[in-house]
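The values are calculated or read from the model by the stated rules, or taken from the named source; none is laboratory data. Just so you know, these numbers come straight off a predicted model, no measurement behind them. Here the Cβ positions follow ideal geometry from the backbone for every residue, glycine too, while neighbour counts run over all protein chains shown. These area figures cover heavy atoms from the full protein model, side chains too; ligands, DNA and RNA do not enter into them. Shrake-Rupley method; radii C 1.70, N 1.55, O 1.52, S 1.80 Å.
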Amino acid sequence: MSGVVKDYAEYAARDKAGIIRIALAGNPNCGKTTVFNRYTGARQHVGNYPGVTVDRKEGHAEFDGKNITIVDLPGTYSLTAYSQEELVARRELALSRVGAVIDIVDASAMERNLLLTVQMLEMGMPVVLACNMMDEAREAGIEINMGRLGELLDIPVVPMVAKDGEGLKQAMQAAIDMAQKGPRKPLRLSYGPDIDSALLELENIIEESGLLSNIYQPRFVAVKLVENDQDILKEARNADPEICAKLEAICNKVAAHVRDTFATDTESVVTDHRYGYIHSLLKDGVIYRDPAKDRLAMSDKIDKVLTNAFLGPLIMLGVLYLMYQITFEVGAYPQGWVEDGFDLLGDFFTDILPEGLVCSLVVDGIIAGVGGVLSFVPLIMIMFALISFLEDSGYMARMAYMMDRIFRFFGLHGASVMPYVISGGIAGGCAIPGAMATRTLRSPKEKLATLLTLPYMTCGAKLPVFLLLAGAFFPENAATVMFCIMLAGWIFALLVAKLLRSSIVKGEATPFVMELPPYRMPTLFSVLLHCWERAWMYIKKAGTVLLAISVIIWAAMTFPELPEDRAEPFEQKIAALEEKAGALAKDSDERKALEEEIAGLNDELGEEKLLYSVAGRLGKWIEPATRPAGFDWRTDIALLAGVAAKEAVVSTMGTAWALGEQDPDDAEPLAERLKADPGWSQATALALMLFVLLYSPCFVALVVIRQEAGSWGWVAFSILFNTAMAYGVAVFIYQVYKHLAA
């Protein structure tokens, strides 16, 4: 038994006795996640494009007094282990003591969906077939004879509308009944006389030897060996090399015969016979289609415009630009309210806390740091809502389809589009689930090239930096700047991918097949739920990780404190000027001039304190190297903090400039402080945005890249190469823009 199988078996052995395990299986975009949420009350994003669910998920429910563990399998089209999704799904079914499977299928695409059903029946799994989205099927003029289909497959078949709860109870009851009856005999299909005779011989040897009998049915192992399934073959070799060699000889013989006779491979023959079986099932009085109602035909008509080779990309760019325009126009008002709220909160604590370290920690460290990030929540919520609408409507899948044409030129796979999009290709994603989504890629080389370039996307953690700088330095063209930054992420990702695929990550390209789901009008609940989930994750991160980082950064910017002998000259000058100003009339020009001088001395004292701190010294040490990019030592500190979490860039800048401003009565939002700083300009802002876009991924993303790439060497490459490229781009942009502006 292989190590992987052993791990799964040990995991299954930890299950509590008396709990019925029910698995949810189905193709991507079949509504499986909605069913899981309905059964368990769990909150998981429901997207209208393939590949949302990559990892295995569990939930618990109680049904008629019975404890049910519900396993949400990855969405997959088959159990042929090409992708990691398919491999995970098959191992879960084989090794986690699943009592029964509720197989959710899209009622409007039965032929494609039933391929997975047939393979699970061949595996010997007790299956309940849940025909989901029956409301849409009825509207499209599709009628399904559930009784006839159940009779032909010899399994329960249930109509379902998951979003309304229709059919959920019946499907679960049928699954519990099947689980209590125990295992069933595997479905035995005919694959033609040549393969059938080989299967019979293989099955007899497997049954007599007991090869993998604790995991799979003999018939299923035989079919998989004929299909040349490398994962099953590896398990068989590990279990019994001698028996496996005998089985391989039989498989090689039949494969050679099929190749010579039909000019194809055994896997294709097996798949063709499965589809032939499914086609004959559906023709046997199961499905009736009203030609006058065809929702798929309507989607096809819309796609003639939206995915047109010329108009499609232009429309896509227009849609993305409109997203940013709406975000800035609508979000400006609530963002201002949040900023004002944090200003009031800072004033409140300034008034009630005595002047000193505690007040500085609360006001300058926590409120200025975390508050600076949270002020962007309204903008991010609007953007997430718009992204959710694109996903759930089906348009996101069209974007992936159109991008595939471009990706092939740069050595990537069409399936790379989804990891890019999830990572923030349309702004607001995250590189962590994006990296996990690369598991759908079959080619290790294409997967690696995607992994190393998806951190260039405009993830939700980078958005506060871009929103801050675009709004502050390009107020009239903020949406255009944000749009260009997003495009820059794609351009750099594709160029670097091309470089990698033509040098250190060479390899053959693999074909891309993707289903375009029919267009749907997203429900308000789905859009709001998606928006809230992502925004809440952002808020939680600000209240936990960023809070801790803000406190650490504040401490690094505060200690060691400036020695008394260095602070005393400033304090004496300030005291003398304050005394002099106090004797003058409040409205006099002389007093106003003295107050301006006092404010300047306070700023100088604050800067001296920062420079003397640990963070200040580190920033000053780095500053000579970053000056060509327009960055000063405070910005350098923020960029170092950004390696831990990109949101920390804004929170650290907020703390740095708050500590530099010593007069709480003159406190201003970070954007205003940056605009007033003589060291900042549009060139600086643009260079910083591109540097943040491209430099080292955050710490957690690096850990996930290590897990997926399998080597710390690629992590080091991602840190060093990305940062070096970001530096070169930032220096170039700063120097050119500064020269042109002059």
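Before moving on, here are some points about what is shown:
- Among 261-269, 193-201, 126-134, the peptide with the highest mean count of other Cβ atoms within 10 Å heads the list, and the full ranking is 126-134, 193-201, 261-269.
- Taking label points 7 Å from Cα along the Cα-to-Cβ direction, ASP290 and ASP194 give a separation of 4.6 nm.
- FRET efficiency estimate (nearest 0.05) - Cβ-Cβ, THR264 to ALA548, R0 51 angstrom: 0.30
- Note on GLU201 and LYS283: with the Förster distance fixed at 30 Å, the Cβ-Cβ geometry gives a FRET efficiency of about 0.40.
- Theoretical gain in end-to-end length, GLN173 to MET537 [0.36 nm per residue, Cα-Cα removed]: 127.5 nm
- Only protein atoms count toward the accessible area here, which uses a 1.4 Å probe; on the range 668-709, the carbon and sulfur part of that area reaches 57 percent.
- Rounded if a/c under 1.5, otherwise prolate or oblate - the range 105-180, Cα gyration tensor axes: oblate
- Residues whose amide H comes within less than 5 Å of that of ASP72, counting only those at least five positions distant or on another chain, are LEU24, LYS57, GLU58, GLY59 (H built at 1.01 Å from N in the peptide plane).
- Estimated dipole of the range 534-656 in Debye, rounded to 20 [Cβ of Lys and Arg +1, of Asp and Glu -1, Cα centre]: 1020 debye
- Which listed pairs, of LYS447/LYS646; LYS498/LYS738; LYS32/LYS163; LYS586/LYS675; LYS32/LYS181; LYS304/LYS498, have C-alpha distances above 20 Å, in listed order: LYS447/LYS646; LYS498/LYS738; LYS586/LYS675; LYS32/LYS181; LYS304/LYS498
- The residue list THR458, PRO354, ALA400 was ranked by how far each Cα lies along the charge dipole of the chain toward its positive end, using unit charges on Cβ atoms, and ALA400 comes out on top.
- Amide hydrogen neighbours beyond the local backbone of VAL127, cut-off 5 Å, H modeled: VAL101
- Charged side chains reduced to their Cβ positions (Lys and Arg at +1, Asp and Glu at -1) give the chain a dipole of some 2740 debye around its Cα centre.
- The distance separating the Cα centre of the range 584-638 from that of the range 374-423 comes to 42 Å.
- Global form of the range 223-297, assessed from the alpha-carbon gyration tensor, a/c cut-off 1.5: prolate
- Most positive-pole-ward Cα, TRP680, TYR216, LEU487, against dipole of the chain from beta carbon charges: TYR216
- Segment ALA625-LYS592, length gained on full extension (0.36 nm per residue, minus Cα span): 7.9 nm
- Probing with 1.4 Å while keeping every protein chain in the model, the per residue accessible area of the chain equals 43 Å².
- Residues of the range 452-468 with amide N under 20 Å of the 7 Å Cα→Cβ point at ALA509: 452-454
- Taking 0.36 nm per residue of sequence separation and removing the Cα-Cα distance, the GLU568/GLU62 pair yields an extension gain of 175.1 nm.
- When the alpha carbon coordinates of the chain are projected onto the principal axes, the ranges are 106, 57, 51 Å, largest first.
- Helix 295-306 axis, angle to the chain major axis (alpha carbon atoms, nearest 10°): 40 degrees
- Cα-only Debye scattering, the range 181-331: base-10 log of I(q)/I(0) at q = 0.10, 0.11, 0.17 Å⁻¹: -0.62, -0.68, -0.96
- When only the Cβ of Lys, Arg, Asp and Glu is charged (+1, +1, -1, -1), the dipole of the range 566-724 relative to its Cα centre reaches about 1020 debye.
- Across the range 139-213, Cα-Cα pairs farther apart than 19 Å form 60% of the total.
- Separation of alpha-carbon centers, the range 143-167 and the range 299-364, rounded to whole Å: 45 Å
- Ligands, DNA and RNA left out, the accessible area of the range 74-155 computed with a 1.4 Å probe is 47% carbon and sulfur.
- Two-site label geometry, ASP272 and TRP712: point separation in nm, points 7 Å out along Cα→Cβ: 5.1 nm
- Rounded percent of accessible protein surface that carbon and sulfur make up, the range 333-376, 1.4 Å probe: 69 percent
- Listed peptides 405-414, 352-361, 451-460 by packing density, highest first (mean Cβ within 10 Å): 451-460, 405-414, 352-361
- Most tightly packed first, judged by the mean number of other beta-carbon atoms within 10 Å of their residues, the peptides 479-490, 632-643 read 632-643, 479-490.
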